[in-house]
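The values are calculated or read from the model by the stated rules, or taken from the named source; none is laboratory data. Bear in mind the structure is a predicted one, so any value in this text is a computation, not a measurement. Note that each Cβ is placed from the backbone with ideal geometry, even for glycine, and that neighbours are counted across all protein chains shown. Please note that ligands, DNA and RNA were not included when accessible areas were found on the heavy atoms of the full protein model with its side chains. Shrake-Rupley method; radii C 1.70, N 1.55, O 1.52, S 1.80 Å.
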Amino acid sequence: MSETPQDSADARDEQWPSKDSGGGTRKTVLYVVLGLMVVALGYDYLVARPAVNAAYDQVTEASVEANRKGVGFLSNTDVRELLGREPVQTFEDGRYQVEVYHWRGGLVVKPHKLYTVYLRNNDGLMFNRHAKFVYEASGVVDPERPLVPVDADEPPASDDDSEMSGGGGGPRAGGPDSEPDAPQRPEAEGPDADEAPAVDPSESDPPARPELESEAAE
């Protein structure tokens, strides 16, 4: 019995998988990857980051409470007990000691971090500040600004000439726009300075004598 063309085509279809089945597999893989990314993103923003924020707030409240009491200080041991975990990394930043805590994020290779910074206090470490997600070096947070020495013999510079001359903002004395000062009368003259000057008694006429006038009349 001879093989018909239809039988040959059916045999080839059975030997080779159809193109539609391969495309469906790729779509399934893509959907699975997309679903995992959505789950990881949701875990990152709904679980991991809120956990770091809560830990940050706990340390803040403990620090405020320690400062309010004024007795002792918040140490690195207190922070570890408060968070219920141990730091995964420790490093030095100048005179500061930094401890790093990890929280697993949506992406396993990128955890979220909480940084607690301490200063040496005798044999312990005293809490100074903390940061979440990103750490800033001490030189950025608290830069050391050099003090500029001031010469005591040199007067302070001023852009306003009136302050230096004491003119209250007016023209300086002796300048091109200044007018000659009017002569001042001494205060001793007083309010009676405009009255007529007193007459010298020696220059006035002698008083008339009545007896002489009567003899001259006779």
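Numbers for the structure displayed
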item	result
Charge-dipole axis of the stretch 25-132 as Lys and Arg at +1 and Asp and Glu at -1 on Cβ define it, positive-most pick from Leu83, Val39, Gly70	Val39
Inter-label distance for Phe91 and Ala137, nm, one decimal - labels placed 7 Å from Cα along Cα-to-Cβ	1.0 nm
Heavy-atom accessible surface of the stretch 25-132: percent carbon and sulfur, 1.4 Å	56 percent
Accessible area (Å², per residue) of the stretch 25-132, counting only protein heavy atoms and a probe of 1.4 Å	66 Å²
q = 0.10, 0.23, 0.24 Å⁻¹: log10 I(q)/I(0) that the Debye formula gives for the stretch 25-132, counting C-alpha atoms only	-0.39, -1.22, -1.28
Chain lengthening between Lys69 and Val108 when straightened (0.36 nm per residue, less Cα-Cα)	10.0 nm
Potential extension, Glu61-Val39 segment - 0.36 nm per residue separation minus Cα distance	4.7 nm
Net charge dipole size for the stretch 25-132 [Lys, Arg +1 and Asp, Glu -1 on Cβ; Debye, nearest 20]	540 debye
